[in-house]
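The values are calculated or read from the model by the stated rules, or taken from the named source; none is laboratory data. Because the structure is predicted, anything quoted here is derived from the model rather than measured. Cβ atoms come from the backbone with ideal geometry, glycine included; neighbour counts cover every protein chain shown. Just so you know, the surface numbers come from the protein's heavy atoms only, side chains and all, with ligands and any DNA or RNA stripped out. Shrake-Rupley method; radii C 1.70, N 1.55, O 1.52, S 1.80 Å.
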Amino acid sequence: MSTKAAIPFMSLALEEARQAADRDEVPVGAVLVDSDTGAVLARAGNEVEARADPTAHAEILVIRAAAARARAPRLPQVDLYVTLEPCAMCATAISFARLRRVYFGAYDTKGGAVEHGPRIFHQPTYHHTPEIYGGIQEQDAADLLRNFFANRRRHINGDT
């Protein structure tokens, strides 16, 4: 699939991220898609605060949902669309789930682990490396995060 064809699915992930922001969660959204049929298998936004669970990242939530639905721990014909470069935890889960492709929006120079930091998929000990496409609707994803944290800082500083 071309990166242009990824835009409709990334738009769904961005909607999940907006909904997460509305719930006061860090605005990251993810969508899993069956690469054979184009069917959306799962979609979610971060739920770390709501669940009081540091592992409730959008990527983890959609992988869990799709794996439960498929009754299988590996999803080799599934593509992930996520609004932010995955962290080390999520990149490892992606590898364990054997996802086929990962499309992400904004690059994360601080917490990302795909193109930054530990570059998980470049480690020789990883058994599965998905195809990676970064920068899909990057500006929209980055603006959503930037605005969320700017609003949070204003609120903390009493500037609301």
Next item on the list: Report the FRET efficiency, 1/(1 + (r/R0)^6), for ARG153 and HIS122, where r is their Cβ-Cβ distance and R0 is 30 Å, rounded to 0.05.
Entry: 0.35
Margin query: Please compute the length gained on full extension between THR109 and GLU131, using 0.36 nm multiplied by the number of residues separating them and subtracting their Cα-Cα distance.
Written below: 6.0 nm
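Using only C-alpha atoms and all pairs of different ones, pull out the Kirkwood radius for region 27-160 in Å with one decimal.
Values: mean 1/r = 0.0655 Å⁻¹.
Across region 27-160, the inverse of the average 1/r is 15.3 Å.
Using only helices, what value at 222 nm comes out for the chain when you add -39,500 (n - 2.57) per DSSP H run of length 4 or more and divide by the total residues, to the nearest 500 deg cm²/dmol?
Values: 5 runs with 62 residues, N = 160.
Calculated at 222 nm, the ellipticity per residue is -12000 deg cm²/dmol.
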Notebook entry, point to check: Which of the trypsin sites (Lys or Arg not before Pro) across region 1-105 are loop residues per DSSP, with 13 or fewer other Cβ within 10 Å?
Noted result: LYS4, ARG23, ARG71, ARG74
Next item on the list: At a temperature of 37 °C and a viscosity of 0.692 mPa s, determine how fast region 86-138 diffuses translationally according to Stokes-Einstein, using the Kirkwood radius over alpha-carbon pairs as Rh; express D in µm²/s, rounded to the nearest whole number.
Entry: 300 µm²/s
Margin query: Under a crude label model (7 Å from the Cα following the beta-carbon direction), how far is VAL40 from GLN19 in nanometres?
Written below: 0.8 nm
Note to self: Please compute the length gained on full extension between ARG146 and THR55, using 0.36 nm multiplied by the number of residues separating them and subtracting their Cα-Cα distance.
What the structure shows: 30.6 nm
Margin query: How much accessible area per residue does region 47-160 have, counting only protein heavy atoms and a probe of 1.4 Å, in square angstrom?
Written below: 54 Å²
Item checked: Computed log₁₀ I(q)/I(0) - Debye formula, equal Cα scatterers, no solvent, region 51-117, q 0.17, 0.18, 0.22, 0.28 Å⁻¹ -> -0.57, -0.63, -0.92, -1.32
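State, as an integer percentage, the relative contact order of the chain based on alpha-carbon contacts under 8 Å between residues 6 or more apart.
Working: 329 pairs, mean separation 32.0, N = 160.
Normalised by residue count, the contact order of the chain is 20 percent.
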Next item on the list: Rounded to the nearest 10 degrees, what's the angle between the helix 7-22 long axis and the longest principal axis of the chain, both from Cα atoms, 0 to 90?
Entry: 40 degrees
